[in-house]
Each structure stands twice: as C-alpha cells, then as structure tokens.
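These notes are about the structure you will find just below.
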Amino acid sequence: MPLLQIDHVTHYFGGLCAVSDFNLALESGELVGIIGPNGAGKTTIFNLITGVYRASKGSINLSGTELVGKSPSHITTLGIARTFQNIRLFKDLTVLDNVRIAHYSQASYTPWESLLHVGRYQAEEKRIIEHSMELLSVFKLDHLSDELAKNLPYGSQRRLEIARALATHPQLLLLDEPAAGMNPNEIMQLMEFIRWIREDFNLTILLIEHQMRLVMGICERLKVLDFGKTIAEGLPWEIQNNPLVLEAYLGEEGGEL
Ligand SMILES: Nc1ncnc2c1ncn2[C@@H]1O[C@H](COP(=O)(O)OP(=O)(O)OP(=O)(O)O)[C@@H](O)[C@H]1O
C-alpha cells in the first residue's frame, strides 16, 4: 500500500478551480516533485494534504487513514510535516525555542502538570530540550541555540525550519520551494542536504520547486500542474522534453525548463 494515496482531489476557491482531479500514489521512501508555473495549484495541494483546506472532492489517505476533514494538528500527529514557501519561523524566539515548540503537539503531560510544573512535566520538558538540541546538532545549529531566529542567515533559517519540521517525527515531509532565494552553490548544498535527511530520517519527501536544477537533480519522478490540472507526469528527463510542459513554462514570463 502506498504511504500517501491521493484520489481525484479537487478544490475550488469560490468559482476558481485551483486543483482539478489530482491523483498521486507516493510509496514509502520516494522523493517526488510537483512543478508548474505560478498559480498552478501546487501550494494548494500541500494545504489540502495538511488540512489547512478541506478538499471540495476526493480522498487523501495516509497509510489507510483518511485525512480529509482532519485538522492540521491531528494530521501532524499522524506523521506529516511541512515547510513553507516563505520561511515561517517564530523570528523573535530563540533557535532552540523554535524547535521546542514543535514538540508540544505530542507532549504527554496535562495542562495542570504544565501549570504547576509537576508530574510528567519535568521529565517531558527535559526530553524535549534534549531532543531539540540533538536535532540542532545534526543540522549544525546547536552553537546558535540561544540566538534569535531572525538573526540567522537565510540558509540557516531554511535549515532551522526543516529541523523544526522533523521534531514531530514525520514519515512524510512536504517541502514548499526550499531553494527559493538560493544561489547555485547553495542549491547544490541543499540537494545534498535533502538526500541526506531522507536517508538519515527515513523520510518520504514531496517537493514543490521552481528551481529546475534542484528538481531535475534529486526528484525520482515529477507531476506537472498547470491551471490546477495535471498536464504531465514521469521521469525528470521525460518531463524536460514534454511539449505540453515546455509550452506551459514558455508561456510564463521568465519561465524556463
Ligand atoms: N486562499 C485562497 N483564496 C482564493 N484563491 C486562492 C487562495 N489560495 C490560492 N488561490 C488561487 O488558487 C490558484 C492556485 O494557487 P497556488 O498558490 O496553489 O499556486 P502555486 O502553484 O503554488 O503558485 P506559486 O508557484 O506562485 O506559489 C491561484 O489562482 C491562486 O490565486
């Protein structure tokens, strides 16, 4: 059974069909890309998977559990984490607190234990801080744990966002334009980094990206959207030579493939 099975998902914003009859079967361990020109519906698909929007039609299934109708926090506990197109850190909190916060969806103590700092609270807090520091260390951010997130360079903020996403122990990681704003050298490093976290954290990854160097370099297969519809799918080299895809991109200002 695929880890994620999306069947006939359609979503309207008023009269606009942002996603039309989208289908995807994602096997455990795969690294798949969704590409398409601006406004094609890519981020809407992430918002549908993570429960930010409820699909107007269709089904989204994670290991046998239907996600449509579930809240984003519930979906997080089921094993899906994401990053955002525009980095969404708590910029005025420390690096450590940004990762700590992500653990609270799974904390096992009660509000009373938390208020009074008794019972499971102390042990759980210790575990959360230790796990946060372990993650920061793996991402080479531990020496910056007391720094405010807003003071980190851009590339480190991206790494911190991914570290925070991994704090919830996801099986499926959704990366929304992780290479946005990066130079070619940083993109090469990011490619290595994504390959490495997939292996090290046993992840399945779904990636939205405009940077073709990254998409073609690491994705095993691609889905291409245009105006909410899937216009092509296949191996990166097949997509690169697909006339429908070329037309969709060439029609976009500055678009290239
Ligand atoms: N909350 C919303 N309300 C109304 N329309 C929306 C909303 N969110 C997205 N849209 C519209 O839905 C369509 C798909 O948007 P979406 O953000 O999913 O595209 P995208 O492929 O991620 O684009 P980009 O590459 O520019 O991020 C667009 O026409 C967009 O204007």
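Of everything listed in (1) away from the ligand (no atom under 13 Å from the Cβ); (2) not assigned by TED's automatic domain parsing to the domain that holds Gly181, the single unmet condition for Gln85 is (1). Would you confirm whether or not the range 44-54 contains a residue that is within 16 Å of the ligand (Cβ to nearest atom), basic (Lys, Arg) and over 28 Å from Gln211 (Cα atoms)? Yes, the range 44-54 has at least one match.
If I go through the range 69-83 residue by residue, how many of them are part of a loop (DSSP other than H, G, I, E, B) and surrounded by fewer than 17 Cβ atoms within 10 Å (Cβ to Cβ)?
Filtering the range 69-83 for residues part of a loop (DSSP other than H, G, I, E, B) gives 69-71, 79, 83.
If we keep only those that are surrounded by fewer than 17 Cβ atoms within 10 Å (Cβ to Cβ) too, we end up with 69, 71.
Count: 2.
You will find that of Gly39, Gly51, the residue that is part of a loop (DSSP other than H, G, I, E, B) and closer than 26 Å to Leu244 by Cα is Gly39 and no other.
The set of residues from the range 55-67 being in a loop (DSSP other than H, G, I, E, B), more than 16 Å from the ligand (Cβ to nearest atom) and in contact (Cβ under 8 Å) with a residue 40 or more places away in the chain comprises Ser63, Gly64. Checking each residue in the range 7-27 for being near the ligand (Cβ under 9 Å from one of its atoms) and among the β-branched types (Val, Ile, Thr) picks out only Val19.
Taken over the range 1-36, the criterion of being in a loop (DSSP other than H, G, I, E, B) and loosely packed, with under 14 Cβ neighbours inside 10 Å is satisfied by Met1, Gly14, Gly15, Glu27.
The values are calculated or read from the model by the stated rules, or taken from the named source; none is laboratory data. Please read these numbers as outputs of a predicted model, since none were measured by experiment. Virtual Cβ from ideal backbone geometry, glycine too; neighbours counted across all protein chains shown.
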